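Down below is the structure, laid out as structure tokens.
The values are calculated or read from the model by the stated rules, or taken from the named source; none is laboratory data. Everything numeric here is computed off the predicted structure, so don't read it as measured data. Positions of Cβ are backbone-derived with ideal geometry, glycine not excepted, and every protein chain shown enters the neighbour counts. The protein model used for the area step is the full one, side chains on, heavy atoms only, and it has no ligands, DNA or RNA in it. Shrake-Rupley method; radii C 1.70, N 1.55, O 1.52, S 1.80 Å.
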Amino acid sequence: MVDQILKPGDRDYVGALASGLEVLQAFDAEHPRMTLSEVAARTEMDRAKARRFLLTLHALGFVKRSGRQFELTPRVLQLGYAYKASNQYRAVIQQYLEDITAELGESSSLAVLDGDEVVYVVRSSARHRLMAITLSVGTRLPAAYTSMGRVLLAQLSEAELEAFFDRLKLEAFTAFSLTDTNALNREIAKVQEQGYSIVDQELDSGLRSVAVPLFSGNGELLGAINISTNAARVDMDTLMTVYLPRLQKAAEAVRRTTQ
């Protein structure tokens, strides 16, 4: 039996819970502290509604208040910890990613698909910085423009992929970004066939990465893992002949380890 995804307006859909979570998600690296008006604007709620949710979250200890400013408290980390604690393979994957970083001197990550974005859930960082933003566990990036995102999109059913394209709005992050839906669809079909994805400077100038899907021994999709590097330092031939085989080796090791 396939679980039916509720929509707003369905009898069992709890709108208040959805709105409360939306308020929590309004805070991010660019908006660590906000006024009531700013929260209302980012969530597209009226001020009275946003105020009720902020005060409730404050009473529960998830938000603190200083004058007119609101910000998250460390208690929010409990929500993320619950996810981490439930993922029995996280420590195993972390070790394999750290081995890649030690061997190649490059960052390696595990991400999962959440809506139209990938979320970093495990990361081994190299010393050099690749993007203007700091990538860490919890970072969200558009799936359409990341190698891990395209790998995960390639695992979707035909109906799920069609729904993704129906709501997709492409934009040019760099001169290399795919901005044609048909071209992106063909690229994902290519990923489905070859079993890996390479994205070359489509999200950030100079950022080049390769990714493969990650499965457990029982066939469960755990996410996608990648190696990211700088285009000026590593050419495409090295990415294909050295980095991709190393990534595939790690994916196979995880599969054998998680029987």
(request) Determine, for each peptide in 184-190, 118-124, the mean count of other beta carbons within 10 angstrom over its residues, then list the peptides with the highest first. (result) 118-124, 184-190
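Determine, for each peptide in 46-55, 197-206, 171-180, the mean count of other beta carbons within 10 angstrom over its residues, then list the peptides with the highest first.
Numbers: 46-55: 15.7, 197-206: 19.4, 171-180: 13.1.
Going from most to least packed, we get 197-206, 46-55, 171-180.
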(request) Would you compute the Debye intensity of the stretch 1-67 from its alpha-carbon atoms alone, equal scatterers and no solvent, and pass along log10 I(q)/I(0) at q = 0.13, 0.15, 0.21, 0.25 Å⁻¹ to two decimals? (result) -0.41, -0.52, -0.87, -1.12
(request) Bin width 10 Å, alpha-carbon pairs only: give the P(r) of the stretch 24-120 as whole percents, running from 0 to the bin holding the largest distance. (result) 13, 33, 27, 18, 8, 0
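Ignoring ligands, DNA and RNA, what accessible area per residue does the stretch 115-183 give at 1.4 Å, in Å²?
On the way: 3630 Å² over 69 residues.
Ligands and nucleic acids excluded, the figure is 53 Å² per residue.
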(request) Let me know the Rg and Dmax you get for the chain when you use only its Cα atoms, in Å. (result) 19.9, 58
(message) Residue by residue through the stretch 8-21, what is 3J(HN,Hα) from phi via Karplus (6.51 cos²θ - 1.76 cosθ + 1.60, θ = phi - 60°)? Round to whole Hz and write x for glycine and proline.
(response) x, x, 5, 4, 8, 7, 9, x, 5, 5, 4, 5, x, 5
(request) Can you spot the lysines whose alpha carbon is less than 25 Å from Lys190's alpha carbon? Ignore those fewer than 8 places along the same chain. (result) Lys169, Lys249
(request) Return the tail of the calculated pair distribution for the stretch 217-259, meaning the percent of Cα-Cα pairs more than 15 Å apart. (result) 49 percent
